[in-house]
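The values are calculated or read from the model by the stated rules, or taken from the named source; none is laboratory data. On a predicted model such as this, the values are computed, not experimentally measured, just so you know. Here the Cβ is made from the backbone with ideal geometry for all residues, glycine too, and neighbour counts use every protein chain on show. What goes into the accessible areas is simple: the full protein's heavy atoms, side chains included, and nothing from ligands, DNA or RNA. Shrake-Rupley method; radii C 1.70, N 1.55, O 1.52, S 1.80 Å.
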Amino acid sequence: MARILTGIQSTNIPHLGNILGALSPAVALSKNPNNHCIYFIADLHSLTSIKDADFRKESAMAVAATWLAFGLDTDKNILFRQSDVPEVCELTWYLGCFMSYQRLQLAHSFKDKSENLSDVNAGLFTYPVLMAADILMYDTEIVPVGKDQKQHIEFTRDLAEKINHQYNQELFVVPKEQIDEQVMVVPGTDGRKMSKSYSNFINIFLPEKELKKVIGSIVTDSTPLEEPKNPDTCNVFALYKLIANAEQTNVLREKYLAGNFGYGHAKAALLELLLDYYREPRTRYNELMNDRGLLEAELKKGEDKARSIATPVLGRVRTALGF
Ligand code: ADP
Ligand code: TRP
């Protein structure tokens, strides 16, 4: 049984890029009977950027509802909110005392963020230590992440090995990252990588009318309706083919090439596809967001299961370090 863990920050409602790039593949991993998956909402990490308490809480609920709407089975696996197991903060302190300051200064993600953000706080700097604590707290073996997180997993592995060596015992399980090199980059409505930070994202949980508006805002060129169009340079087609099956994709490709098919028609096809493909998650998501009791009960169940793993690990660490 492989123990797999990953987290998603609660910085907004997960968008189509998050779903196709991270969430759906993680749910697929959880369906393998040989895997035990621990997925969590990294709300402590999101405090580095989100200071609005209500927005952060609401985003945490949205992330939880998305995991559940996409079919994560929480009887077999674990879904929890990071801040519900504050023991991770204690482990963060211990790990921080073994993490080299110079090495943290070399973190790519910190360098990128500190160049682009006005609020460069210490939490942003020690972010990888909290992430290492998330991973080591649960004796994690495999961490599925995007390429941008690779260095953070290296920090985690090095910390685990260093401390194991120093205390001459297998205190921590040394984790490995799992990076899907072929992972798709989902384009946003403006053709750049879909991201919260560019406001070019598609929230698939919107009511149909609003979703239609967002799809309508996808940038296209000005080829007239009657002329043939190049599907391979079109943002609408790029999104369509990420979701549609081969046959559907071919049908749409032919329509582009034939002419007399406008971008309005293509957008209508994309909207119909999204509504059809995500019918169940859309319904389930909205049910869950309207039943906070059920969502909280799911998170409480996850908290209890997560804590039952974290408590003995933390006990082991306290003993080894002499606390
Ligand atoms: P954002 O860029 O919107 O802030 P995050 O950095 O919070 O998104 O990403 C959370 C997860 O979703 C990461 O694992 C990331 O790899 C994945 N992801 C985000 N945007 C995309 C995208 N456009 N295409 C594919 N995967 C994405
Ligand atoms: N840093 C990750 C991201 O921004 C989220 C995260 C926090 C995480 N703790 C983690 C991912 C532990 C994997 C394991 O995408």
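Annotation: lysines with alpha-carbon distance below 16 angstrom to Lys305 (same-chain offsets under eight excluded): Lys76.
Give me the percent relative contact order of the chain, please, defined on Cα pairs under 8 angstrom at least 6 residues apart. Each step should come with its number before you reach the end.
Details: 449 pairs, mean separation 69.6, N = 323.
Value for the chain: 22 percent.
If you put +1 on each Lys and Arg Cβ and -1 on each Asp and Glu Cβ, how big is the dipole of region 205-277 around its Cα centre, in Debye rounded to 20? Rounded to the nearest 20 debye, it is 140 debye.
Placing one equal scatterer on every Cα of region 199-323 and applying the Debye formula, the log10 ratio I(q)/I(0) at q = 0.20 Å⁻¹ is -1.10.
Stokes-Einstein diffusion coefficient for region 205-277 at 25 °C in a medium of 0.890 mPa s, Rh from the Kirkwood formula over Cα pairs: what value in µm²/s?
The estimated diffusion coefficient comes to 199 µm²/s.
For Arg292, Arg253, the ranking by accessible surface with the largest value first comes to Arg292, Arg253, using a 1.4 Å probe.
Carbon and sulfur: what percent of the chain's accessible surface (1.4 Å probe)?
So the carbon and sulfur contribution to the accessible surface is 52 percent.
Eigenvalues of the alpha-carbon gyration tensor of the chain, scaled by 5 and square-rooted, set the equivalent ellipsoid semi-axes at 40, 21, 18 angstrom, largest first. Per residue, the convex hull spanned by the Cα atoms of region 35-156 measures out at 122 cubic angstrom. In the structure shown, the pairs Lys31/Lys176; Lys147/Lys212; Lys57/Lys162; Lys31/Lys209 are assessed against 29 Å; a Cα-Cα span above that value is assigned to Lys147/Lys212; Lys57/Lys162; Lys31/Lys209. Per residue, the chain reaches -16500 deg cm²/dmol at 222 nm when only DSSP H runs of four or more residues are counted, each adding -39500 (n - 2.57). Normalised by 2.2 N^0.38 Å, with N the number of residues, the alpha-carbon radius of gyration of region 177-229 equals 1.47.
Summary value for region 205-277: 40 percent relative contact order, contacts being C-alpha pairs under 8 angstrom separated by 6+ residues. The GNM of the chain, with springs linking C-alpha atoms under 10 angstrom apart, assigns the highest mean-square fluctuation among Phe155, Phe261, Phe70 to Phe261. Heavy atoms of the protein chains alone define the surface here; on that basis the chain has 49 Å² accessible area per residue at 1.4 Å probe size.
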